[in-house]
Amino acid sequence: MPAAGLVAALVLAAPAAQAQKATPAAMLTANEIVAATGAAGLFTPLIAGVVEQAKVLFLQQDPGLAGDLNVIAAKMRQDLTPRMSELSGEVAKLYTERFSEQELKEILAFYKSPVGKKLVVEQPRIADGSLKFAQDWANKLSDQVVAQMRAELKKKGHAL
């Protein structure tokens, strides 16, 4: 999942390449970047989630449909899996809109390098650790802010 954060950061923060139609070579390179970064894997739960939401909708109407819905949902998840390429293709297109063909080649070279491969592996761990730290930090800060506000309100005569 954090690889997507990196992908999103690169896509959103990068200066746009000159407005031009992506060449087939640029699209191929962009698709390779999507594969190398694992960005496509971030979307894997989407199909299962959409199918599950639809299944729950029908189960709320008639819980007796559970058996048939489980069979139908399993087949639908399998049948819809090829549509994941639509998402990967769109991410690749976003890359081609923001990076020149040469820049795409340089990005791909980085992700194919040992340190680029390591980044793809380690980025989820770094993001998870960062989120955990940030959550703990925010909780401690919240406790401090509440205590400080309480103290300030007491100074003003409010009984809390």
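Can you say whether Val71 is assigned to a helix (DSSP H, G or I) and under 19 Å from the mean Cα position of the chain (by Cα), as far as the supplied structure shows? Spell out the reasoning first.
Working: assigned to a helix (DSSP H, G or I): yes; under 19 Å from the mean Cα position of the chain (by Cα): no.
No.
Here is a yes/no grid of residues against (1) over 19 Å from the mean Cα position of the chain (by Cα); (2) under 27 Å from Ala22 (Cα atoms); (3) exposed (fewer than 13 other Cβ atoms within 10 Å of the Cβ):
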site: Lys55; (1), (2), (3): yes, no, no
site: Ser88; (1), (2), (3): no, yes, no
site: Pro114; (1), (2), (3): yes, no, yes
site: Val121; (1), (2), (3): no, no, yes
site: Phe133; (1), (2), (3): yes, no, yes
site: Lys154; (1), (2), (3): yes, no, yes
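Let me confirm something: among Leu153, Leu160, which residue is touching a helix residue (DSSP H, G or I) at 6+ places or on another chain (Cβ under 9 Å), outside the structural domain of Ala22 (by TED's automatic domain parsing) and more than 15 Å from Ala35 (Cα to Cα)? Show your work before the answer.
Numbers: Leu153 fails: touching a helix residue (DSSP H, G or I) at 6+ places or on another chain (Cβ under 9 Å).
Sole residue among the options that is touching a helix residue (DSSP H, G or I) at 6+ places or on another chain (Cβ under 9 Å), outside the structural domain of Ala22 (by TED's automatic domain parsing) and more than 15 Å from Ala35 (Cα to Cα): Leu160.
Working only within the stretch 96-112, note down all residues that are over 22 Å from the mean Cα position of the chain (by Cα) and not in a helix (DSSP H, G or I). First the steps, then the outcome.
In the first step, residues of the stretch 96-112 are kept if they are over 22 Å from the mean Cα position of the chain (by Cα); the result is 100-103, 105-106, 109.
Scanning the stretch 96-112 gives a single hit, Ser100.
Return the pairs, sorted by first residue and then second, in which the second residue is surrounded by 17 or more Cβ atoms within 10 Å (Cβ to Cβ) and polar (S, T, N, Q), the first residue lies in the stretch 31-57 and is assigned by TED's automatic domain parsing to the domain that holds Glu90, the beta carbons are less than 7 Å apart, and the residues are 6+ apart or on different chains.
Close Cβ pairs satisfying both conditions: Asn31/Ser88; Val34/Ser88; Ala40/Ser88.
Tell me which residues, restricted to the stretch 58-86, are charged (D, E, K, R) and either touching a residue at least 40 places away in the same chain (Cβ under 8 Å) or over 27 Å from Val120 (Cβ atoms) (or both). Reasoning before the result, please.
Of the residues in the stretch 58-86, the ones charged (D, E, K, R) are 62, 68, 75, 77, 79, 83, 86.
Selection gives Asp62, Asp68, Lys75, Asp79.
Condition check ((1) of a type in the set (A, V, I, L, M); (2) surrounded by 14 or more Cβ atoms within 10 Å (Cβ to Cβ); (3) at pLDDT 95 or above; (4) assigned to a loop (DSSP other than H, G, I, E, B)) across all residues:
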residue: Gln18; (1), (2), (3), (4): no, no, no, yes
residue: Ala22; (1), (2), (3), (4): yes, yes, no, yes
residue: Met27; (1), (2), (3), (4): yes, yes, yes, no
residue: Arg83; (1), (2), (3), (4): no, no, no, no
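Going by the structure shown, is Lys105 closer than 25 Å to Tyr95 by Cβ, in the same structural domain as Ala36 (by TED's automatic domain parsing) and at pLDDT 95 or above? Please lay out each step first, then the result.
Details: closer than 25 Å to Tyr95 by Cβ: yes; in the same structural domain as Ala36 (by TED's automatic domain parsing): yes; at pLDDT 95 or above: yes.
In short, yes.
What tally of residues in the stretch 41-56 results from selecting those that are farther than 13 Å from Leu80 by Cβ and at pLDDT below 95?
Residues that pass the stated criteria total 2.
The values are calculated or read from the model by the stated rules, or taken from the named source; none is laboratory data. Here the structure is a predicted model, which means the values were calculated and not measured. Cβ: placed from backbone, ideal geometry, glycine included. Neighbour counts: every protein chain shown.
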